[in-house]
1. Looking at region 32-81, which of its residues are among the charged types (D, E, K, R) and closer than 12 Å to V11 by Cα?
2. For region 31-57, give me each residue that is farther than 13 Å from V196 by Cα and not in a strand (DSSP E or B).
3. For region 82-98, how many residues are modelled with pLDDT of 90 or more and under 13 Å from the mean Cα position of the chain (by Cα)?
4. Can you name the number of the only condition in (1) crowded, with 21+ Cβ neighbours inside 10 Å; (2) outside the structural domain of V226 (by TED's automatic domain parsing); (3) touching a residue at least 60 places away in the same chain (Cβ under 8 Å) that N101 fails?
5. Output the residues belonging to region 99-129 that are hydrophobic (A, V, I, L, M, F, W, C), under 22 Å from the mean Cα position of the chain (by Cα) and over 19 Å from R190 (Cα atoms).
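The values are calculated or read from the model by the stated rules, or taken from the named source; none is laboratory data. From a predicted model like this one, the values you see are computed outputs, not experimental measurements. Reconstructed Cβ throughout: ideal geometry from the backbone, glycine too, with neighbour counts over all protein chains shown.
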Amino acid sequence: MSKPRIQLQHVSKRFAGAPGSGAPADALTDISLTLEPGEFVCLLGPSGCGKSTILNLIAGFDRPTSGALLLDGNPIQRPGPERGFVFQQPTLFPWLSVLDNVTFGPRMAGVPASTYLSDARRYLALVGLEGFEHHAPWQLSGGMRQRVALARAWLPGPEILLMDEPFGALDAQTRLMMQELLIDVWTSTRTTILFVTHDVDEALFLADRVLVMSARPGTVREELRVPFERPRDIESLTADPEFGALKRRVLHVVREEARRAVVKEPA
């Protein structure tokens, strides 16, 4: 059996309260999970349950209050090039072209263009943006801008990709196209992916495993291995009675935790 790429062992995270606002807030409690090499895992749960906090901890943007956070068996201390991050919004530089946005990181690091330019063009082709290299972000649709962000995240060759609801702001049809595109690129790269979403259909279509989190302070309430073989076709998948049964099971847990989250909110 392969060694996990990422391990969270009894991780908790507490945020200090704002000055004068009172008690600190517990975001995560006793989180234990693993990511295997090349695995696609979705984190699902109610708003405020700590999904994004988990991504930030793995990325090295923050440190846990307690517990162990490991990359290939070694403690995660800081961000590193082996971990890429795709945010909810594309966060492109509006004054740069598509190609310059994608290559911004290596250019700022002083890497010779000869070492990354062909890869940048290859990733732009993979995400369907060949011919748009010299367009400005304002000339692109929302889905196209998110494709630029994907190409930028993949260019350094990350072994692990952390994705924080990257398709949440897109319309339903564009979202589905982006999901299919993501699977195509993941299939060719076999990057280990941890993907945060609120959408049950999205999680069951994309993931090898789905981790359903509890209301805040978040912990893993249920782990589900998605049984459907790849490649997956969304139309065939949603017509499968097993998909419907699994979706109902996940929805029940998510709605239950969402109700708990509302009850916990202060008046």
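1. Of everything in region 32-81, just one residue is among the charged types (D, E, K, R) and closer than 12 Å to V11 by Cα, namely R63.
2. Pass one, region 31-57, residues farther than 13 Å from V196 by Cα: 31-39, 57.
Scanning region 31-57 gives E36, P37, G38, E39, L57.
3. Count: 4.
4. (3)
5. Scanning region 99-129 gives V102, F104, L129.
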